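Okay, so here's the structure we're looking at.
The values are calculated or read from the model by the stated rules, or taken from the named source; none is laboratory data. Note that the coordinates shown come from a computational prediction; the quantities given were computed from them, not determined experimentally. When we count neighbours, we look across all protein chains shown, and the Cβ atoms used for this are built from the backbone with ideal geometry, even at glycine. Side chains are part of the model used for accessible areas, which takes the heavy atoms of the whole protein and leaves out ligands, DNA and RNA. Shrake-Rupley method; radii C 1.70, N 1.55, O 1.52, S 1.80 Å.
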Amino acid sequence: MHEENTDVTNGCGKVRSGTQNEAALLALMEKTGYSMVQENGQRKFGGPPPGWEGPPPPRGCEVFVGKIPRDMYEDELVPVFERAGKIYEFRLMMEFSGENRGYAFVMYTTKEEAQLAIRILNNYEIRPGKFIGVCVSLDNCRLFIGAIPKEKKKEEILDEMKKVTEGVVDVIVYPNATDKSKNRGFAFVEYESHRAAAMARRRLIPGTFQLWGHTIQVDWADPEKEVDEETMQRVKVLYVRNLMISTTEDTIKAEFNKFKPGVVERVKKLRDYAFVHFFNREDAVAAMSVMNGKCIDGASIEVTLAKPVNKESTWRQHLNGQISPSSESRLGFPNKEDGHQKSLGKTSSLSVRPNGQHSPNLSEIERRTYPFFPGAKLTLISMYSLKSSHFCSAVMHLDYYCNKNNWAPPEYYLYSTTSQDGKILLVYKIIIPTIANGSQSYFMPDKLCTTLEDAKELAAQFTLLHL
C-alpha cells in the first residue's frame, strides 16, 4: 500500500502528513488483520475479512456512505461502521491526489447489520458540523432497453438479448395498456451479475446499436429496493397488473370477492394496474394464490403482494406521475399521525399533483406566511446562504447544489415532440458544464410533459437524483 506524501488537514485544525496517514492505516491493518489494496480509483479494506470461508454476503448487505470529509480515511471510518456489525469489505473511493472522493461502500456480513448501520449512522455527525449519509446499496443487475418494436414478444426479445450480450437471466416485458398483444416499447433485461449488466451496458450504450433495425435506448434500471421480511409479513394489500383500461374498480372488487365474499376492503385502480386492500392478511395471501393468472375482462392478470414504501424513501422512486414499472407495485402504509393513507408514489419530500407531476409535500416544508410589520428590519442575503431545506422547487435546489459545489450553473435545452393525439409534449435536457466531460455529459428524463414548468421541474428532479 502506497500513499502520496501530501499534507492534509484532519478537520480539527491539525495537519496530518502522508506519512502519518500511512502509519495510521498500517496500524489499523495490524490491529484488525484485514488487508488493504488500492486499485481502479478505490481502496478495498477486507473483502474477505481474515478467516472468512464460503461465498460473499448476499445482496442487501452493502450500504452506501456519502458526504464523507475528504481528509478522512479508514482509520477513522472503520471503527465508526464497526459499531453496526462485522465489516466484510470497506471500499473508499479515492482521488489521484490522495484525498477520498467523499463516498464509500460498506459491506456487512448480514442484512441485519446493514439495516442497523442505516438506522444508527444515517445523518451521524462524524466530525463537528459534518454529517454523513448512509443508505442501502444494491448491485444493479437490470438494464432498461427502450425503443423496442411494440410487436415483439418476450421470447423474441430474450433470444435477441442473449445473442448480443452475455449473462442474460430474464427479460421483463409489460403489455401495452390498450392493446395487450403489444408491448410498451421497452423491456427490462436481468443479468446474472452487476458485472455482466455493466459489460452489456458498455456494449449497447453508444447509441448506434440496433435491434430489428431500430436504434435502442439503454440505461440502468432503477434497482428494486428490498423490503424486510418482517414488514412484508404485515402486508394485506395486493398489487394487480395487466388490467384492461376499461376494467372498473367495482369489477375488480367483485372478482376478488368471489372466492370469499366480503374480504375486500377497497380497490384503487390506476390506469392498467390496481391495489386491492383486504381486511385480513390471510385473505390477501389466499386471494393472491387463487387470482394470479385469472382473466378479468379478457386480460390475464398478475397478482403479487404490494411492497410498502418506506416513509424515508427518496425521490428516486418516482420521477413523475407515470409510475415506473419497476416500482409501481409500491404502496404507502397509513400515516399514524394523520390516520390517512399516503398517496401512491408519495415520498417524504414529494406529493402527487392532479396532473401527475410531483410537488414538495407541504407537511414536510413549512409554507406558512407571516404578517409584515412596518419598521421590521430586512437584511439583504443571497439564496446560496440558505439551507437546502428552504427550497421546495427542484429547479432552485439544483441551482443551489451547483453553486455549493462551485460548479457552473445548469444549462437547460428545450425539446418537443407531438403525441398521437396531437398535443405538444416537452422535455428539457440539462448540461452542467463543469462536469460535462465526465461520465455523464447531460441529464434528460425519459418522460414528456405538457407544460413548460413541469418539464423543467422534472428535468431538475432527474438531474438531482443522478448527481
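Things to note:
- Sole residue being buried (at least 19 other Cβ atoms within 10 Å of the Cβ) and either out of contact with any Pro (no Cβ under 6 Å at 6 or more places or on another chain) or farther than 30 Å from Arg83 by Cβ (or both), chosen from Glu125, Glu156, Glu113: Glu113
- For region 173-189, the set of residues classified as more than 15 Å from Tyr273 (Cα to Cα) and either of a type in the set (Lys, Arg) or open to solvent by 40 Å² or more (accessible area, probe 1.4 Å) (or both) consists of Ser181, Lys182, listed by residue number.
- Against the test of being within 23 Å of Phe131 (Cβ to Cβ), open to solvent by 30 Å² or more (accessible area, probe 1.4 Å) and modelled with pLDDT under 90, the options Arg59, Arg16 yield a single qualifying residue, Arg16.
- Scanning region 383-396 for residues that are more than 14 Å from Ile431 (Cα to Cα), in contact with a helix residue (DSSP H, G or I) (Cβ under 6 Å, 6 or more places away or on another chain) and in contact (Cβ under 8 Å) with a residue 60 or more places away in the chain gives a single hit, Ala394.
Residues checked against (1) assigned by the TED database to the domain that holds Pro128; (2) modelled with pLDDT under 90; (3) surrounded by 20 or more Cβ atoms within 10 Å (Cβ to Cβ):
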position	(1), (2), (3)
Glu39	yes, yes, no
Pro49	yes, no, no
Gly66	yes, no, no
Met72	yes, no, yes
Leu77	yes, no, yes
Glu82	yes, no, no
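- Looking across region 382-429, the residues that are touching a Cys at 6+ places or on another chain (Cβ under 8 Å) and either closer than 24 Å to Thr451 by Cβ or surrounded by fewer than 13 Cβ atoms within 10 Å (Cβ to Cβ) (or both) come down to Pro409, Pro410, Leu425, Leu426, Val427.
- The number of residues in region 128-144 being open to solvent by 50 Å² or more (accessible area, probe 1.4 Å) and more than 30 Å from Leu158 (Cβ to Cβ) comes to 5.
- The one condition in (1) out of contact with any His (no Cβ under 6 Å at 6 or more places or on another chain); (2) surrounded by fewer than 18 Cβ atoms within 10 Å (Cβ to Cβ) that Ala147 fails to fulfil: (1)
- Flag if Arg195 is open to solvent by 20 Å² or more (accessible area, probe 1.4 Å), closer than 28 Å to Ile118 by Cβ and not assigned by the TED database to the domain that holds Phe278: yes
- All of Gly51, Gly85, Gly129, Gly133 fail the test of being small (Gly, Ala, Ser) and touching a residue at least 40 places away in the same chain (Cβ under 8 Å), apart from Gly133.
- Restricting Asn21, Asn40 to those that are closer than 27 Å to His466 by Cα and not basic (Lys, Arg) reduces the list to Asn40.
- Counted residues, region 205-234 - those being modelled with pLDDT of 85 or more and more than 27 Å from Ala114 (Cβ to Cβ): 1
- Among the numbered conditions (1) buried (at least 17 other Cβ atoms within 10 Å of the Cβ); (2) at pLDDT below 50; (3) under 30 Å from Thr109 (Cα atoms), the only one that Tyr34 does not meet is (2).
- Scanning region 442-466 for residues that are surrounded by fewer than 18 Cβ atoms within 10 Å (Cβ to Cβ) and farther than 12 Å from Pro410 by Cα, we see that the one that is modelled with the lowest pLDDT is His466.
- Boolean, Ile126 is aliphatic (A, V, I, L, M) and not assigned by the TED database to the domain that holds Arg70: no
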